[in-house]
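Visitor: One structure, pasted below without further comment.
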Amino acid sequence: MSAAVVDLLPPPAPSQHLVEMLERMLSQAKAGEIVFACVVAQARGGEVIDGWSSTVGVRPYSVLGALEAVKYEFARRNID
């Protein structure tokens, strides 16, 4: 006989802030305003999803600087 772990708690509600941020950025991408995006996401089960896309006109050093700033801010707020 095999045992299964069953989650008895209801799934958490979607993050309204996350949904609004992604929708705003999607609208900007559809309008051609965003020329580069790098996405790192964590699914509810812990799976990490990542990807990036680029078009003409990207300034790589600006992008790398922004990535470092986001990495620093994330670590500052989330790691003790």
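Visitor: Please give the charge dipole size of the chain, origin at the Cα centre, charges +1 on K and R Cβ atoms and -1 on D and E Cβ atoms. Round to the nearest 20 debye.
Guide: Numbers: 7 positive and 9 negative charges, 37 e Å.
Here the size comes out at about 180 debye.
Visitor: Please list, ordered by chain and number, the residues whose modelled amide H lies under 5 Å from the amide H of ILE34; skip anything fewer than 5 residues away on the same chain.
Guide: Result for ILE34 returns ALA29.
Visitor: Kindly state, to the nearest 0.05, the FRET efficiency for ALA43 paired with GLU23, given R0 = 22 Å and r defined as their beta-carbon distance.
Guide: The formula returns an efficiency of 0.75 here.
Visitor: From the residues PRO14, VAL63, TRP52, which one has its Cα farthest along the dipole of the chain in the positive direction, the dipole being from +1 and -1 charges on Cβ of Lys/Arg and Asp/Glu about the Cα centre?
Guide: The residue sitting most towards the positive pole is VAL63.
Visitor: Between VAL40 and residues 5 or more places away or on another chain, which pairs have amide H atoms under 5 Å apart, with H built 1.01 Å from N, and which residues are they?
Guide: For VAL40, whose amide H was placed from the backbone, there are no distant partners under 5 Å.
Visitor: Using a 7 Å offset from Cα along Cα-Cβ at SER53, what residues in the range 14-31 end up with backbone N under 19 Å from the label point?
Guide: The answer is 19-31.
Visitor: With everything on Cα atoms, drop me the angle between helix 60-78 and the longest principal axis of the chain, reported from 0 to 90° to the nearest 10.
Guide: With both axes taken from Cα atoms, the answer is about 30 degrees.
Visitor: Okay, moving on. Can you give me the relative contact order of the chain as a percent, contacts being Cα pairs under 8 Å and 6 or more apart?
Guide: On the way: 34 pairs, mean separation 13.1, N = 80.
Rounded, it is 16 percent for the chain.
Visitor: Also, I was wondering about something else. Ignoring ligands, DNA and RNA, what percent of the accessible area of the range 1-63 is carbon or sulfur (1.4 Å)? Intermediate values should be presented prior to the final figure.
Guide: Values: 3680 of 5970 Å².
Carbon and sulfur together cover 62 percent of it.
Visitor: Pick the calculated volume of the Cα convex hull per residue in Å³ for this structure from (1) 113; (2) 168; (3) 84?
Guide: (2)
Visitor: How far is helix 16-30 tilted off the main Cα axis of the chain, in degrees rounded to 10, range 0 to 90?
Guide: Helix 16-30 sits roughly 40 degrees off the main axis of the chain.
Visitor: Could you tell me whether the range 10-52 comes out rounded, prolate or oblate from its Cα gyration tensor? Rule is a ≥ b ≥ c as square roots of the eigenvalues, rounded for a/c under 1.5, then prolate if a/b exceeds b/c, otherwise oblate.
Guide: Oblate shape, in that a/c is at least 1.5 and b/c is the bigger or equal ratio.
Visitor: Once fully extended, how much extra length lies between LYS71 and LEU9, figured as 0.36 nm per residue of separation less the alpha-carbon to alpha-carbon distance? Working shown, then result.
Guide: Working: separation 62, 0.36 × 62 = 22.32 nm, distance 3.17 nm.
Contour length minus the Cα-Cα distance gives 19.1 nm.
Visitor: Are there GluC sites (Glu not before Pro) in the range 30-77 that DSSP marks as loop and that have at most 10 other Cβ atoms within 10 Å, and which are they?
Guide: Sparse-neighbourhood loop GluC sites (Glu not before Pro): GLU33, GLU47.
The values are calculated or read from the model by the stated rules, or taken from the named source; none is laboratory data. Quantities reported herein were computed from a predicted structural model and do not represent experimental measurements. With ideal geometry, Cβ positions are generated from the backbone for all residues, glycine too; neighbour counts draw on all protein chains shown. The accessibility values were calculated without ligands, DNA or RNA, using every heavy atom of the protein model including side chains. Shrake-Rupley method; radii C 1.70, N 1.55, O 1.52, S 1.80 Å.
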